[in-house]
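Down below is the structure, laid out as structure tokens.
Where a number appears in this text, it was derived from the coordinates with a stated rule and is not lab data. The shown structure was predicted, so the numbers you read here are calculated from the model rather than taken from an experiment. Cβ coordinates were reconstructed from backbone atoms using ideal geometry, including for glycine residues, and neighbour counts include every protein chain displayed.
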Amino acid sequence: MEIGIIVMGLFVGFLVGLTGVGGASLLTPILMLIGINPIVAVGTDLFYNSATKLFGTIQHWRQKTINGRIVLYLSFGSIPGAVIAIVSLKIFDFYFQNLEQIIKHSIGYVLIFVAAAMIFQNFFSNHFKMKLEKTDPIEGKKGLSVLIGFLLGFIVGLTSIGSGSLFALALLYIYRIRTSEVVGTDIAHAFALVTVAGILHAGLGHVDYLLAANLLIGSIPGVLLGSSLSAKVPAKPLRVIMAVLIFISGVKLIF
């Protein structure tokens, strides 16, 4: 089974490196498909994601492609949102018996939303491109940043999905910052968010450390390989195919 998990990590990492699609949208439903308890799948994915995002954050910090103020304001909302979601799961688990079903359905709905967001970004992003202003991208948007952070942070804490894909859309269309800065800021914020959420899930016993380690062994070379081939492979058709697969996964989890 360990070899199978490593191969799975390799495959997911390769697709992430090749297309830039968030790993949680692929990994969490696969873990559930092979029989991992939904809440353990969420906690393990967040823990695993924290390790992968660390290396990306260090690289973008060196490249000076992180907008620290946006990361800070989003984190003011997203980290409390994730904490409330995780605490709510614990309380709900204490009083009710259908927590697994609720998590499965929540993940299903979020996957459908992520798939729709991917399709929108692929086909309609050019219609919303505007000339970048020289003004402060966060001026007048501090409250909005905290609110968006809270809502999406709650979703990430509940499902492990969206720390990259959903926040990236917000960065692109709300703050109107450069593409290189979008990627760096998104990864740095995701690192802060999934680290806190992963630690909380670990404290509640929702993390399978051996599973996370095996996934990392496979995913790191997978990401490197996928990234090296990304310039040679047309990413747009692949993203559409992956969006369809993510959509189908979401529908299956709900029904």
Original post:
Relative to the present Cα-Cα distance, how much length would full extension add between Phe255 and Lys236 at 0.36 nm per residue of separation?
Top reply: 4.0 nm
**OP:** Would you work out which of Ile254, Gly162, Ile70 lies farthest towards the positive end of the dipole of the chain? Charges go on Cβ: Lys and Arg +1, Asp and Glu -1.
**Re:** Ile70
Subject >> In nm, spacing of pseudo-spin labels at Ser227 and Phe76 (7 Å Cα→C-beta vector) >> reply: 3.2
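Averaged over all directions, how much area does the convex hull of the C-alpha atoms of the chain cover when projected, in nm²?
Over every viewing direction, the Cα hull of the chain projects on average to 13.3 nm².
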Original post:
Which links in Lys90/Lys141; Lys104/Lys232; Lys142/Lys252; Lys90/Lys252; Lys64/Lys142 stretch past 28 Å when you go from one Cα to the other?
Top reply: Lys90/Lys141; Lys104/Lys232; Lys142/Lys252
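Applying 1/(1 + (r/R0)^6) with R0 = 25 Å to the Cβ-Cβ distance of Ile174 and Ala116, what FRET efficiency is obtained, to the nearest 0.05?
Numbers: r = 18 Å, r/R0 = 0.71.
Step by step, r from the Cβ atoms, then E = 0.90.
Which whole-number percent is the relative contact order of the range 142-231 (Cα, under 8 Å, 6+ apart)? Don't skip to the answer; put the middle values down first.
Working: 31 pairs, mean separation 18.2, N = 90.
Relative contact order comes out at 20 percent.
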Subject >> Residue among Ile174, Ile36, Val194 farthest towards the positive dipole end of the range 2-254, charges placed on Cβ >> reply: Ile174
**OP:** Starting from the Cα-Cα distance between Ile34 and Tyr209, subtract it from 0.36 nm times their residue separation and give me the gain in nm to one decimal.
**Re:** 61.3 nm
